[in-house]
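A short write-up of the structure that comes next.
The values are calculated or read from the model by the stated rules, or taken from the named source; none is laboratory data. Keep in mind that what you see is a predicted model, and the values were worked out from it rather than measured. Methodologically, a virtual Cβ is constructed for each residue, glycine included, from the backbone with ideal geometry; neighbour enumeration extends over all protein chains shown. What goes into the accessible areas is simple: the full protein's heavy atoms, side chains included, and nothing from ligands, DNA or RNA. Shrake-Rupley method; radii C 1.70, N 1.55, O 1.52, S 1.80 Å.
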Amino acid sequence: MTERVVLAYSGGLDTSVAIPYLAEQTGGEVIAVAIDVGQDGEDLDVIKQRALDCGATAAEVVDARDEFAAEYCIPAMRANALYMDRYPLVSALSRPLIVKYLVQAAAKHGATIVSHGCTGKGNDQVRFEVGLAALAPHLKVIAPARDFAWTRDKAIAYAESKGLPIDVSNKSPYSIDQNLWGRAVETGFLEDIWNAPIEDIYAYTQNPDSGLDPDEVTITFEAGVPVALDGETKTPFEIITELNSRAGAQGVGRLDMVEDRLVGIKSREIYEAPAAIALIAAHQELENVTVERDLARFKRSIDQRWGELVYDGLWFSPLKNALESFIDDAQRHVTGEVRMVLHGGRATVTGRRSEASLYDFGLATYDEGDQFDQSLARGFVELWGLPSKLASARDERIKGTS
Ligand code: ARG
């Protein structure tokens, strides 16, 4: 029987070259699968045709935008997921979804091999392959760029020798990955970490100094899910799309960071994630109003762990699932509205209201109507400090004796 290979196809040089290469290496047929996670670049039908022109036996396009928004981006927002306190996991979120569709395509076409275009230096090879190991351990993996040590020049030479219909004149010096949740740009002059990013590399955001008037937006949440913008009910995909353009116009969500990759390398990446940064800030503030103190404190460590697991390629892991049960429970009362001003590169919360609010004006006010009994505070403070007081007294007592 002919061997079949399912390839995660982006339409770019590396995965286009991979089509004839994989066919040659395996003697089999290549099925190219392109997943739409809101990357909003080239038309996916053009990409599909390119795969066929490069020699794919079949090419499929999956529109996974709504699913990506609701089941990947929103859970990340519920976990306030920011790797190293900054990066909203853009690429890390799309890989498990892509894996899911590769596995489906492999089953449908009777493929025994899955292929991706990642190099051996990044996180994404780990995310693809650990995901595949979890969902379909019987599938073999070939990663041509890594396993056969391709360089860009080698790929171009191979494309030319095969007469592949790809435009190699487009010599972008950057490696870019983008989807609905944001955009990541690396390599080229950015590899010198002293070099400042130039305006040219941005696509999801305008310069924060553009002089635009501030934009005010109200986001409605129900049990930790955003359900409306400015009072209009919308799907997660619609909300993220609209916030990408409104917050993006104000330059919200630009990040320039050196990050710790799973493979041990420190790398420099520029991100733009306008909707992600605005939504996480709004969600976090609604949690501040509606989540009880100790639950909120504990959730911060759960959130951080969730983000690290997803960054590290462990989307399909028991610990991540268990943490999500905790997060779901903690979101029960995260219902209400947050008003934000988008301006000058920032998404700033200016108001919040919720029927599930724990903010009690009577307890908080310093004006007339104060219901907080300050006379109770004296005894509380006394007992709260008792253990420290005892320990200090003990230290004083035995000073010099040990
Ligand atoms: N550093 C990010 C991550 O590991 C993005 C990786 C892809 N970046 C790129 N520019 N191609 O999730």
For the stretch 112-124, how many residues are more than 10 Å from the ligand (Cβ to nearest atom) and touching a strand residue (DSSP E or B) at 6+ places or on another chain (Cβ under 9 Å)? 7
Within the stretch 193-210, work out how many residues are among the acidic types (Asp, Glu) and either within 16 Å of the ligand (Cβ to nearest atom) or open to solvent by less than 50 Å² (accessible area, probe 1.4 Å) (or both). 1
Cβ pairs under 7 Å, 6+ apart, first in the stretch 318-331 and closer than 12 Å to residue 305 by Cα, second open to solvent by 80 Å² or more (accessible area, probe 1.4 Å): 323/305
Looking at the stretch 144-158 only, could you name the residues that are outside any helix (DSSP H, G or I) and open to solvent by 50 Å² or more (accessible area, probe 1.4 Å)? 148, 149, 151
Leading residue by the ranking (farthest from the chain's Cα centre (by Cα)) among those in the stretch 7-36 that are within 13 Å of residue 158 (Cβ to Cβ) and small (Gly, Ala, Ser): 23
Residue by residue through the stretch 242-265, note down the ones that are open to solvent by less than 60 Å² (accessible area, probe 1.4 Å) and more than 13 Å from the ligand (Cβ to nearest atom). 242, 243, 244, 246, 247, 248, 249, 250, 251, 252, 253, 254
Give the number of residues within the stretch 159-206 that are in a strand (DSSP E or B), touching a residue at least 60 places away in the same chain (Cβ under 8 Å) and not basic (Lys, Arg). 7
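Each row is one residue, and each column tells you yes or no for (1) farther than 30 Å from residue 204 by Cα; (2) within 16 Å of the ligand (Cβ to nearest atom).
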| site | (1), (2) |
| --- | --- |
| 136 | yes, no |
| 140 | yes, no |
| 165 | no, no |
| 175 | no, yes |
Positions within the stretch 275-298 being aliphatic (A, V, I, L, M) and part of a helix (DSSP H, G or I), in sequence order: 275, 276, 277, 278, 279, 280, 281, 282, 286, 289, 295, 296
Regarding residue 70, is this residue away from the ligand (no atom under 16 Å from the Cβ), open to solvent by 20 Å² or more (accessible area, probe 1.4 Å) and under 20 Å from residue 9 (Cα atoms)? no
Could you check the stretch 266-295 and list, in sequence order, the residues that are over 16 Å from the mean Cα position of the chain (by Cα), under 27 Å from residue 237 (Cα atoms) and either open to solvent by less than 60 Å² (accessible area, probe 1.4 Å) or within 13 Å of the ligand (Cβ to nearest atom) (or both)? 282, 285, 286, 287, 289, 290, 291
In the stretch 86-143, which residues are part of a helix (DSSP H, G or I), of a type in the set (D, E, K, R) and open to solvent by 20 Å² or more (accessible area, probe 1.4 Å)? 95, 100, 108, 124, 129
Answer yes or no as to whether residue 61 is modelled with pLDDT of 95 or more, away from the ligand (no atom under 16 Å from the Cβ) and surrounded by fewer than 19 Cβ atoms within 10 Å (Cβ to Cβ). yes
